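Here the structure is laid out as structure tokens; the discussion comes afterwards.
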Amino acid sequence: MDKNNLGIVIIGRNEGERLPRCIKSAIRETDVVVYVDSGSTDSSIELARQLGAEVISLDLSVPFTAARARNAGFEFLNAQYPSLNYVQFIDGDCELVEGWIQQSLDFLSANPQFAVACGRRRERFPNASIYNLLCDLEWDTPVGETKSCGGDALMRVDALQAVNGFNGSLIAGEEPELCIRLRQAGWKIYRLDVEMTLHDVAMTRLWQWWKRSQRAGYAFAEGAYLHGMSPEKYRLKETISIFIWGGIVPILLFILSIINQWFLLGWLVYLLQIIKVAIKKHKLISKRLSLFYASFVMLAKFPQFNGIIDFILSRKTNKVHEIIEYK
């Protein structure tokens, strides 16, 4: 497939040394590269221009979201390069793996029913912290037709235009929300068994992991609010699970344990859930890693519950919630 039909949108803010790696990997694939900056205070904008990317600076008087940044880059490409058929989205802390673009273009060219192709995102430094490793494990999902993609993905321009792009008001979870609208419009999403990007999550502290998990809970709740009544009950199961395991069960066990200490044994139910999650994840990774991953999946229910409460309160007060940043 000819790469002349491709444009690349990079979004970021204060990415430091990660941004040059990202831009260079993009320019290696195509001359049509746009970097959308969301209020950087470092030299990101100047550096992007020096490396050959076109630059858009978001108006920060309007609340920033990653979805809004992606839309801005996509709209710029549509206006300046209307003949493009494909767009690769990538975060500024990532780097495209050589060979990904060609393989994903070839796939979409041969399979016109698919709107999105994604691949394996890997953490650049998985051994730098347990939180980096958790992210790498999280991104290891089954290949084949899937329901959603992440922030790094190759998409058809006409499919994206047909559903009016990303929902710019979402502070998180904008990619799967886009994918449900694409699927409702008759398109499909596919994950190739191909290395796609290297990501530098730079997460070394517990509070970063907590904030990232809190953001996920917010995204689940908002997704369920928007599409939970659809035939597939989008994000409803995940939201209910978080509400139960992150809120109802611990509160109930705490109260019962005050009444009778034997109810402390009830906390073993979390161990059973960890084993259940680990068995499912063990299909993809080792037993040791699956237990490690499953333990944090259950621990994450607590900050995710916090995120759900944040969403409920923002809806009740009609307040626009600021993005939840973890770095």
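Global dimensions of the stretch 146-261 from alpha-carbon coordinates: Rg and Dmax equal 17.9, 62 Å. Projecting the Cα atoms of 272, 285, 296 onto the dipole axis of the stretch 223-317, where Lys and Arg carry +1 and Asp and Glu carry -1 at the beta carbon, places 285 farthest toward the positive end. Near residue 159: Cβ cut-off under 13 Å, other residues only, Lys/Arg at +1 and Asp/Glu at -1. The net charge is +3.
Compute the distance from the alpha-carbon center of the stretch 275-327 to that of the stretch 194-260, in whole Å. About 4 Å separates the Cα centre of the stretch 275-327 from the one of the stretch 194-260.
Sequence neighbours fewer than 8 away in the same chain don't count; with that in mind, list the lysines whose C-alpha is under 25 Å from residue 319. Filter leaves 211, 301, 327.
Electrostatic tally near residue 281: other residues with Cβ closer than 14 Å to its Cβ, Lys and Arg +1, Asp and Glu -1, net +2.
To the nearest ten degrees, helix 249-259 and the longest principal axis of the Cα atoms of the chain are 20 degrees apart. Taking only Cα atoms, what is the 0 to 90° angle, nearest 10, from helix 18-27's long axis to the longest principal axis of the chain? Relative to the chain, helix 18-27 is tipped by roughly 50 degrees. To the nearest ten degrees, helix 100-110 and the longest principal axis of the Cα atoms of the chain are 80 degrees apart.
When the alpha carbon gyration tensor of the chain is reduced to an equivalent ellipsoid, its three semi-axes come out at 35, 21, 20 angstrom, largest first.
Most simply put, the chain has about 35% antiparallel DSSP beta bridges, counting only bridges with both residues inside it. Only the Cβ atoms of Lys and Arg (+1) and of Asp and Glu (-1) were treated as charged; on that basis the dipole of the chain about its Cα centre amounts to roughly 1380 debye. Within the stretch 218-290, the GluC sites (Glu not before Pro) that combine a DSSP coil assignment with at most 13 other C-beta atoms in a 10 angstrom radius are 232. If you look at the Cα atoms of the stretch 223-317, you get an Rg and a Dmax of 15.7, 45 Å. Computed over neighbours whose Cβ is under 9 Å from that of residue 189, the net charge equals +3, Lys and Arg +1, Asp and Glu -1. Mean sequence separation of contacting Cα pairs (under 8 Å, at least six apart), scaled by the length of the stretch 223-317, corresponds to a relative contact order of 29 percent. For the chain, taking a cut-off of 4.7 Å between Cβ atoms, the unpaired cysteines are 22, 94, 135, 179.
The stretch 156-172 and the stretch 40-59 have their alpha-carbon centroids 23 Å apart. Remark on the stretch 94-164: ratio of C-alpha radius of gyration to 2.2 N^0.38 Å is 1.26.
Every number in this text was worked out from the coordinates using simple rules, so none of it is lab data. Computed from a prediction, not measured in an experiment: that's the story for all the values here. Neighbour counts run over all protein chains shown; Cβ positions are idealised from the backbone, glycine included.
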